[in-house]
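These notes are about the structure you will find just below.
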Amino acid sequence: MPLASPARSRHPRPLAEPDPSSRTAGSGGGISLVLAIGLPVLLAAGLTAYRLSTRSLWLDEGASIAIVSQHGAGLWRAIRHDGGNMLVYYLLLHVLVDWFGSAVAVVRAPSVVADAVTAGLTAVLAWRLLARRGVALSAGLLCALSLPLVFWGQDARGYALMVALATAALLAFTAIVQAPGRAPRPATIAYVVLSLLSMYVSFYAGLILLAELAVLPLFRHRARLIGGCLVLVAVGCIPLSVLALQRGSGQLFWVDPVTPAIAGRAGLVLISSGLPPNFHITAITIAACAVTIALALAVGVRLVVLHVRFRRLAWRGEPASTGAWIAGSWLIVPIVVMLAAAVAGEPIELARSVILLIPVVGLLLAWGLDLPGRARFLGIGAIVLLLVMRALVVAPTYRATPENWKAAAFQVARASRSGDCILFYPQDGRMLFDYYRREDPGIQRLTPVLPDAPWNVVRPYVEQYTVPSAARLDQIERSCPRLWVVASHEGHRPGPQASERDLTRYHALLADLGHAFGHQQRRTFGYAAPIYVTNFTR
């Protein structure tokens, strides 16, 4: 699609295909573009690599390590149990653990790299859609300084990789639809491969495919090509669909229905002003939220005005803005689909799925605050204010450990005696004790009774909410002089029916043990999903 030269336009430039002439700038322009992309990458890498091993592993990270520590059929059974979710991530982590071991820095390293790549890709997308280095730099920096992305970038789960792959696939999509003449073959291949990989990391990545499908009518010259690519992606996802259907939605029994409070948490994540319940809402959180919402509203009004003005210019022969539609669809379509799914009763974890949209929020804010003329410094000041507020939100989180399994494991190891027994509810907690047993062998003094596998056997115990049978419980009470019960994610009320049932079962177990032993002491570790350690003695 031809573009009007910026020099001939007296109007603010909308999101559009980049001016080809701007791609052939001199060496100074090339260097500044490299900096606009490279600085966000370095900032994101630094923020996620800082104190990478300090925070304790949490329950889902324990599951990741236990799953990827399996081999052969055991690895496949563990992946199949998860319905194929994060399949590619688990395979990648399996190779890394096999080569370099399972140190915290190693298992979290893929997320560090993915987060840095996402910041760079966001800058590239901003440049491709707008061809302004300042906007590319601002969008990339806003993405790098996003608390949710920093958190998941320091986490041994596949969410950071999901965002990176989905953003890369969208960049390939943009390259295809904006290319003059024939679509570039490398971009077409990359689009199919990246879309497939993103789906095999997380089902949520499909939301971006829906956003791309929604704007396809605007690119009729590419509709057949993109349609063919999506057919290939759909065919490639058949094995994943089979695994997901076999597993069903039972693995999401813990997801609460969408309420105003849940939606509010997701909103904080979307604007990168907080991440409850992992981090407490503070005065800084509220201030960052207020500043971001105020600027977002101003940006929204400006972008609507620019779009209306630009459409009028288009009627007089000026080029139409495709980038605005791509960015708008990236933001709006997934939100509509997620809310519709929630209303239909499908379990969806909003706070984790909306992280896919954080890059486009940064892009739109950077574009809307790219003010013309004398107001330029006002826009720069607003970007700086946003970055400062985000930095103030991120900084305190390095000292926080929402689920302190490390402290819980070490405390039990120090306070236990030879012959003590230990029981986990649910059994997921065993995976964390298996991991920290390597740092404190004192854990091996305890005799595991649920699960009752010896300490040298590492297995995934994912979502196993079981209690001993009456006969087994009687045997435990008679043979164990002291019993440690470690519980977390034990269920909650009010909540989904399965969660309430799990919580009732847990309370009944505690009542039985309290009656049999007579004395009990309880300690709590962490706060987001507290870890309860109860010591039963006679």
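The values are calculated or read from the model by the stated rules, or taken from the named source; none is laboratory data. It should be emphasised that the depicted structure is a prediction, and the values quoted were computed from it without experimental measurement. Positions of Cβ are generated from backbone atoms using ideal geometry, with glycine treated the same way; all protein chains shown enter the neighbour counts. Side chains are part of the model used for accessible areas, which takes the heavy atoms of the whole protein and leaves out ligands, DNA and RNA. Shrake-Rupley method; radii C 1.70, N 1.55, O 1.52, S 1.80 Å.
Apart from one condition, Ala288 fits all of (1) of a type in the set (A, V, I, L, M); (2) under 25 Å from Ser499 (Cα atoms); (3) touching a Lys or Arg at 6+ places or on another chain (Cβ under 8 Å); the exception is (2).
Yes or no: the range 318-325 includes at least one residue that is surrounded by fewer than 21 Cβ atoms within 10 Å (Cβ to Cβ) and free of Cβ contacts under 8 Å to residues at least 12 places away in the same chain. Scanning the range 318-325 turns up no residue that is surrounded by fewer than 21 Cβ atoms within 10 Å (Cβ to Cβ) and free of Cβ contacts under 8 Å to residues at least 12 places away in the same chain. The set of residues in the range 480-527 that are of a type outside the set (A, V, I, L, M), over 23 Å from Leu432 (Cβ atoms) and open to solvent by 40 Å² or more (accessible area, probe 1.4 Å) comprises Pro481, Arg493, Pro494, Gln497, Glu500, Arg501, Thr504, Asp512, His515, Gly518, His519. Does Ser53 meet the test of being in a loop (DSSP other than H, G, I, E, B) and either of a type in the set (Ser, Thr, Tyr) or within 16 Å of Met86 (Cβ to Cβ) (or both)? In short, yes. Does Gly362 satisfy the condition of being touching a Cys at 6+ places or on another chain (Cβ under 7 Å) and open to solvent by less than 10 Å² (accessible area, probe 1.4 Å)? When the stated conditions are applied, Gly362 passes them.
When the range 372-386 is filtered for residues that are in contact (Cβ under 8 Å) with a residue 40 or more places away in the chain and surrounded by 16 or more Cβ atoms within 10 Å (Cβ to Cβ), the ones remaining, listed by number, are Ala382, Ile383, Leu386. Applying the set (1) under 20 Å from Ser102 (Cβ atoms); (2) touching a residue at least 12 places away in the same chain (Cβ under 8 Å) to Gln444 leaves exactly one unmet item: (2). For the residues Ala103, Ala172, Ala156, Ala179, the requirement of being of a type in the set (Gly, Ala, Ser), in contact with an Asp or Glu (Cβ under 7 Å, 6 or more places away or on another chain) and farther than 29 Å from Leu295 by Cβ singles out Ala156. Of the helices (runs of 4 or more DSSP H) lying entirely inside the range 165-276, those containing at least 3 residues that are more than 30 Å from Val150 (Cβ to Cβ) span 185-201, 220-236, 238-247.
Just wondering, is there one or more residues in the range 140-154 that are in a helix (DSSP H, G or I), closer than 29 Å to Thr401 by Cα and either open to solvent by 20 Å² or more (accessible area, probe 1.4 Å) or modelled with pLDDT under 95 (or both)? Yes: one or more hits.
Considering the range 398-448, and only residues there that are of a type in the set (Val, Ile, Thr) and open to solvent by 10 Å² or more (accessible area, probe 1.4 Å), the residue that is farthest from Ile271 (Cα to Cα) turns out to be Thr447. Taken across the range 170-185, residues that are under 22 Å from the mean Cα position of the chain (by Cα) and either over 29 Å from His221 (Cα atoms) or free of Cβ contacts under 8 Å to residues at least 40 places away in the same chain (or both) do occur, with at least one present. When Ile348 is tested against the conditions (1) among the aliphatic types (A, V, I, L, M); (2) open to solvent by less than 30 Å² (accessible area, probe 1.4 Å); (3) modelled with pLDDT of 90 or more; (4) under 18 Å from Gly264 (Cβ atoms), the lone failure is (3).
A single member of Ala156, Ala187, Ala160, Ala183 is of a type in the set (A, V, I, L, M, F, W, C) and within 21 Å of Ile335 (Cα to Cα), and it is Ala160.
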